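For reference, the structure is listed below as structure tokens.
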Amino acid sequence: MSSPTTSPTHKLTPLATLTPPSNSRTWQSAPHPSLPIVATACSDRSVRVYSLTSFTLLHSITGGHKRSVRTVSWKPNTRGQSVLATGSFDSSAGIWRREEGAGGGGVEEDFTGRRVGAVEDDDDEQDDTDDYQFSCILDGHESEIKCLAWSPSGQYLATCSRDKSVWIWEELEDDNFETVAVLQEHDGDVKSVAWHPEEDLLVSTSYDDTVRLYKEDADDWVQVAMIDGHGKTVWWAEFEGSGMSKRDWRARISDASQQQTQHIEELERSGPRLATCSDDCTVRTWRRKAKERDENESSRTGVPSIIRSAAIDEEWYKDAILPQVHERAIYSVSWSRKTGMIVSAGSDGKVIVYKERWRGQASGDEMDVDGAQAQSTTEWVVVAELFSGHDVFEINHVCWAKRADKGKRTEDEEVVLTTGDDGEVRVWVLDEVDASSA
């Protein structure tokens, strides 16, 4: 574990606060997968959809839930419409749909609350067609839904609850969902669920201090791994971006040492890693042990096994414990798909950004490859630390989003979004402050 006292090389600078804020606690914000908008789950039973271009409110989605909306997730890979799943303390999940360019004629949004090229006289009709329409409700959980997430293909929706269960729903056609699994492996409140970016592998975290992973086996969803490295409640989990290991490391080296080359190859074999955060004040990353190549065994027999094969089980082991900077529970962690950096936030109001580098590497892009005796080829260091991100309030969620306002400096620049007990969603820019320091 690297020292948290490393001099920060970056600074989180406030860019905007999404307006108007909610007058009650906000739980989570989910950036749209392709549009410059973000949905925020609010305690006043609403979901607010804000523009990341103008930082203003576009839609307030109400009427679907009887209690606080705790979680939101956009369905990926939709064409012509946006589909939003919402999870509530009323034990239900809702599905909402909005036709993009509603009203026809190829009308495009400028995400400031008006439609470009629309006829401005028909305000009432325009408002009706522009609204998010409540499509269906998913009932089954016996207590509060804490988190939900769509699979990368959009085929499955996972929900988790205070009732200690994880449900997997399959969308057979629009608004027709079937329950395909009810997983009851946890011994406590299930805090979060997330999907692997490349396969139908689901992860859940819990009040029972464990992390569990599930896959489908012979038309039945089963637990394939259990991680028990944290000492207290595990609040959140998020996978590394698809192909991030390969892109990030291979792009940064031209003459890697043998040890570094081996490290890259191992990352590529094991695939995206997993980041988790906990009440024990730590952020940890986990890596899947790559299996030996014995796929020939099933192909030789050609006969599927009726009994579950142990081959589906996976082994996940600790990859790293990030520098411990938080003083209280860490509620949320997010892994940048662009840079590979990790950001965390929680009860102490801090926002911490971490970066992985070659062990022994000095600041900047130079490499020091004399760490052959080190246990790990890489180390994580703190590159930015923000205190009191939401003044005296707790930060419930943090995530990366693509920057979309006119001030963006590059096409793929990212911002950090923090969502807090004060009802605000704040937008931060990560600036490099001293890239040349040795």
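The values are calculated or read from the model by the stated rules, or taken from the named source; none is laboratory data. Because the structure is predicted, anything quoted here is derived from the model rather than measured. Note: ideal-geometry Cβ built from the backbone for every residue, glycine included; neighbour counts use all protein chains shown. The accessibility values were calculated without ligands, DNA or RNA, using every heavy atom of the protein model including side chains. Shrake-Rupley method; radii C 1.70, N 1.55, O 1.52, S 1.80 Å.
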*Determine the gain in length on full extension of the stretch Glu142-Phe387; use 0.36 nm per residue of separation and subtract their C-alpha separation, reporting nm with one decimal.*
84.4 nm
*Simple spin-label model, 7 Å along Cα-to-Cβ: Glu432 to Glu170 in nm?*
4.7 nm
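For segment 162-220, what is the accessible area per residue in Å², given a 1.4 Å probe and the full set of protein chains? Spell out each step's value before the answer.
Numbers: 2530 Å² over 59 residues.
Dividing the accessible area of segment 162-220 by its residue count gives 43 Å².
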*Between Lys66 and Met226, how many nm apart are label points set 7 Å from Cα along the C-beta direction?*
3.5 nm
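Taking R0 as 41 Å, what's the FRET efficiency between Gln258 and Ser34 from their Cβ-Cβ distance, rounded to 0.05?
Calculated value: 0.50.
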_segment 385-399 residues near the modelled Arg328 label - backbone nitrogen below 12 Å, point 7 Å along Cα→Cβ_ = 388-396
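Which loop trypsin sites (Lys or Arg not before Pro) in segment 389-438, with loop taken from DSSP, have no more than 13 other Cβ atoms within 10 angstrom of their Cβ?
Details: sites: Lys402, Arg403, Lys406, Lys408, Arg409, Arg426; in loops: Arg403, Lys406, Lys408, Arg409.
Here the trypsin sites (Lys or Arg not before Pro) that fit, given the DSSP loop and packing criteria, are Lys406, Arg409.
Compute the length gained on full extension between Ala218 and Leu15: take 0.36 nm times their separation in residues and subtract their Cα-Cα distance, giving the result in nm to one decimal.
Numbers: separation 203, 0.36 × 203 = 73.08 nm, distance 4.95 nm.
Separation in residues times 0.36 nm, less the Cα-Cα distance, equals 68.1 nm.
May I ask you to compute the full-extension gain from Glu265 to Ser242, defined as 0.36 nm times their residue separation minus their alpha-carbon distance, rounded to one decimal in nm?
Details: separation 23, 0.36 × 23 = 8.28 nm, distance 1.51 nm.
Here the answer is 6.8 nm.
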